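Comments concern the structure below.
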Amino acid sequence: MSKEQEVLLNEDIRAREVRCVGDDGTAYGVVSRDEALKIAEKQGLDLVLIAPDAKPPVCKIMDYGKFRYQQEKRQKEAKKKQKVIEVKEIKLSVKIAQNDINYKVKHALEFLEDGKHVKFRVFLKGREMSTPEAGIIMLNKVWELVKDVADRDKEPLLEGRYVNMLVTPKKG
């Protein structure tokens, strides 16, 4: 159920008595639901249940359509301002050749220059699971190649069959 559907308006409010507050902050006190509805109707506004768990429940007289519009506008504005961090993943193995490492590191450096985070993963196959240190050693080799342009966000760590390391672009 979404947040909009949970809000009770006007006749949907089932409480007999409610504490009523006006849109401008005017306190009407504890009144019957019908009386609160009449006050809201007289002002051409909606009666909105804002605190259903209070004793008695608290209702506010407001223009609900305008309120929802402003709320959605604020959410859209917040969404515009948030920065989406893209994480690129580069998979390696324990028995990878040096020129392959250099090739993958070259791509990682391009991603880091674009401001993306890079996650290096070493997949451990079969017997390699008995020595996860080999994966950590591999990631430390990779770290030596990227440390001048990146910060290590997460140390090499064994997670299941993978040894993972996360690097982020250097600030400034």
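For beta carbons closer than 8 Å, sequence separation of 6+ or different chains, a first residue in the range 17-34 that is outside any helix (DSSP H, G or I) and a second that is among the aromatic types (Phe, Trp, Tyr), the qualifying pairs are CYS20/TYR28; VAL21/TYR28; GLY22/TYR28. Under the condition of being touching a residue at least 40 places away in the same chain (Cβ under 8 Å) and surrounded by 12 or more Cβ atoms within 10 Å (Cβ to Cβ), the residues counted in the range 103-114 number 4.
Scanning the range 33-80 for residues that are crowded, with 18+ Cβ neighbours inside 10 Å and among the basic types (Lys, Arg) yields a count of 2.
SER93: of a type outside the set (A, V, I, L, M, F, W, C) and either touching a residue at least 60 places away in the same chain (Cβ under 8 Å) or surrounded by 12 or more Cβ atoms within 10 Å (Cβ to Cβ) (or both), yes or no?
Yes.
For LEU166, the requirement of being part of a strand (DSSP E or B), farther than 10 Å from VAL94 by Cβ and out of contact with any strand residue (DSSP E or B) (no Cβ under 7 Å at 6 or more places or on another chain) is not met.
The residues of the range 136-162 that are over 16 Å from LYS104 (Cα atoms), in contact (Cβ under 8 Å) with a residue 24 or more places away in the chain and in a helix (DSSP H, G or I) amount to a single one, ILE136. Within the range 56-72, take every residue that is in a helix (DSSP H, G or I) and among the charged types (D, E, K, R) and give me the one that is nearest to LEU8 (Cα to Cα). This residue is ARG68.
Residues that are in contact with a strand residue (DSSP E or B) (Cβ under 9 Å, 6 or more places away or on another chain), among the basic types (Lys, Arg) and either outside any strand (DSSP E or B) or not assigned by TED's automatic domain parsing to the domain that holds TRP143 (or both) within the range 110-131 comprise LYS116, LYS125, listed in sequence order.
The values are calculated or read from the model by the stated rules, or taken from the named source; none is laboratory data. What you are looking at is a predicted structure, and each value in this text was computed from that prediction instead of being measured. We place every Cβ from the backbone using ideal geometry, glycine too, and count neighbours over all the protein chains shown.
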